Amino acid sequence: MKPLQPFEEPAAAFPGTRAEALLRVGAFLPRAGRHYAAGRNTDQGPGHRSDVSILSPYLRHRLLTEREVVERVLAVHGPREAEKFIHEVLWRTYWKGWLELRPAVWERFLDERDATRAGAASGLAKALARAEAGETGIDGFDDWAKEITDTGYLHNHARMWFASIWIFTLRLPWTLGADFFLRNLLDADPASNTLSWRWVAGLQTTGKTYLATKENIARFTEGRFSPKGLAETAEPLREETALPAAKPIRPTPPVPAGKTLLLMTGEDLHPESAFPKGLDIAGIATATRIEGTRPWPFGDKAGRFLADAMADAASRAEAHFGTGPARMGALDAPSLLTAAKACGATSIVTPETPVGPVASTLASLAPELSAAGIPLVRVRRDWDSRFWPHATKGFFPFRERISALLREEGLPG
Ligand SMILES: Cc1cc2nc3c(=O)[nH]c(=O)nc-3n(C[C@H](O)[C@H](O)[C@H](O)COP(=O)(O)OP(=O)(O)OC[C@H]3O[C@@H](n4cnc5c(N)ncnc54)[C@H](O)[C@@H]3O)c2cc1C
């Protein structure tokens, strides 16, 4: 293996721009092959991480697309050496597809979270406050609680240990742990977060849980942490109702003819590559907030990241599509109709919005837009249309398809 240049972990702050995302990919590329495969499970701690990419906030909001990262890594390392990194990126795509096939699992999470929070007795509320503040006395766990609150990022292995200790040692409700992550992570994502917590709890792969152990934590933190008193068994949680059957992914409608308004929501902030050629984009509307009892973004840090990322994406989109300045507005039908009429658009297009608060809000306002003669069209990327329908079972059957599907994408698989 060629010796690698010293790598400086990017500053803990995450500037919300595509230029920053591209810089980070460029810096990480030499390490995305065998080096990543060998070191990705080790968490050397903030400021010392050279083995993982720290790209997730950028990928989650698609300031950077999965396809372009995979393409660049393949160009440097080839399919064999890049396999581990590519499989990890494809976990994101897989979780998105899995939830897209079963949107009711997201609703079930929200309902259970809200009911548990509303019914929490004072003992539970105190235990939750201690866990979130990093005051449990559990080595590592307390540090990760503070890290996530301070920085909005946590290494994958630390997320697994944290979730396992939350559920099996502290015996706290998993939905409230998932909610703590959602409120604090910059990459907070309905699919990756909910389904990973379910996986640790034994709900996702029925009967299979993830148990954090002192030995594993000490080994993969290089001795930084060695927590005592962790649960020694992890009995899978159970759900009262069976999972809904997978339903087919909705077909993508044809892109509209005539002038259209581009709506950007934060689910996909690279509109330059999100649509087929030939769209007549006459104006741009952006929406970065949903108010109400289930607001979005889920937390303040992600909200600030998203506001910067949206400003960056809007100025790129204005230049790329040659429109006037984007109109910032609320995600409601009157604001969208006003923006569409102002630029003479007869439809609204938006990059696909996977299962989550934005998709739910758009679904609720689409009938009003249609009734006003301005249909809303969600355009899905080929990448998602190609991979998502294969997320019917576990990741391993999905993984078997990855090489062939990458070749269909025109990439070396
Ligand atoms: C309990 C729990 C909750 C999680 N919640 C989220 C979440 O809300 N949002 C989120 O984006 N990820 C979540 N993950 C997945 C994963 O931990 C992060 O994507 C990853 O740690 C990001 O760090 P990185 O960019 O340095 O990853 P790298 O190791 O450098 O991986 C490269 C990219 O691959 C993808 N990836 C890697 N591992 C996973 C994984 N296990 N699942 C899905 N995608 C992956 C990410 O896009 C990541 O940026 C969660 C994992 C667990 C165990």
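The values are calculated or read from the model by the stated rules, or taken from the named source; none is laboratory data. In this text, all values refer to a predicted model and were calculated from it rather than measured experimentally. A quick note on method: Cβ atoms are made from the backbone with ideal geometry, for glycine too, and the neighbour counts reach across all protein chains shown. What goes into the accessible areas is simple: the full protein's heavy atoms, side chains included, and nothing from ligands, DNA or RNA. Shrake-Rupley method; radii C 1.70, N 1.55, O 1.52, S 1.80 Å.
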> Among the candidates G123, G97, which residue alone is crowded, with 22+ Cβ neighbours inside 10 Å and assigned to a helix (DSSP H, G or I)?
Replying inline: G97
> Before we move on, is R130 at pLDDT 95 or above, among the basic types (K, R) and open to solvent by less than 20 Å² (accessible area, probe 1.4 Å)?
Replying inline: no
>> One residue is enough: does region 246-262 have a residue meeting the conditions within 22 Å of E100 (Cβ to Cβ), surrounded by 21 or more Cβ atoms within 10 Å (Cβ to Cβ), more than 16 Å from the ligand (Cβ to nearest atom) and in contact (Cβ under 8 Å) with a residue 60 or more places away in the chain?
In response: no
> Mind checking which pairs have a first residue in region 94-117 that is farther than 11 Å from A191 by Cβ and in contact (Cβ under 8 Å) with a residue 12 or more places away in the chain and a second that is open to solvent by 20 Å² or more (accessible area, probe 1.4 Å) and within 15 Å of the ligand (Cβ to nearest atom), Cβ under 6 Å, 6 or more apart or different chains?
Replying inline: T116/P173
> If you scan region 31-84, which residues turn out to be over 21 Å from L406 (Cβ atoms) and open to solvent by 50 Å² or more (accessible area, probe 1.4 Å)?
Replying inline: A38, N41, P46, G47, H48
> If L23 satisfies every condition in (1) touching a Phe, Trp or Tyr at 6+ places or on another chain (Cβ under 9 Å); (2) among the aliphatic types (A, V, I, L, M); (3) free of Cβ contacts under 8 Å to residues at least 40 places away in the same chain but one, which is the exception?
Replying inline: (1)
>> Being more than 16 Å from the ligand (Cβ to nearest atom), under 26 Å from G45 (Cβ atoms), not assigned by TED's automatic domain parsing to the domain that holds F321 and not in a helix (DSSP H, G or I) is true for just one of L230, L154. Which residue is that?
In response: L230
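Conditions tested, residue by residue: (1) modelled with pLDDT under 95; (2) touching a helix residue (DSSP H, G or I) at 6+ places or on another chain (Cβ under 6 Å).
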{"residue": "R40", "(1), (2)": "no, no"}
{"residue": "R49", "(1), (2)": "yes, no"}
{"residue": "V73", "(1), (2)": "no, yes"}
{"residue": "F85", "(1), (2)": "no, yes"}
{"residue": "S122", "(1), (2)": "yes, no"}
{"residue": "G137", "(1), (2)": "no, no"}
> Restricting the search to region 336-363, which residues are part of a helix (DSSP H, G or I), surrounded by fewer than 19 Cβ atoms within 10 Å (Cβ to Cβ) and in contact with a strand residue (DSSP E or B) (Cβ under 7 Å, 6 or more places away or on another chain)?
Replying inline: A342
>> Which of the numbered conditions does G207 fail, given that it passes all the others? Conditions: (1) more than 27 Å from L99 (Cα to Cα); (2) more than 13 Å from the ligand (Cβ to nearest atom).
In response: (1)
>> Filter region 365-413 down to the residues that are closer than 22 Å to V69 by Cβ, in contact with a strand residue (DSSP E or B) (Cβ under 9 Å, 6 or more places away or on another chain) and not in a strand (DSSP E or B) and list them by number.
In response: R380, R381
>> Condition (residue is charged (D, E, K, R) and either over 21 Å from A104 (Cβ atoms) or near the ligand (Cβ under 10 Å from one of its atoms) (or both)) applied to region 174-182: is it met by at least one residue?
In response: no
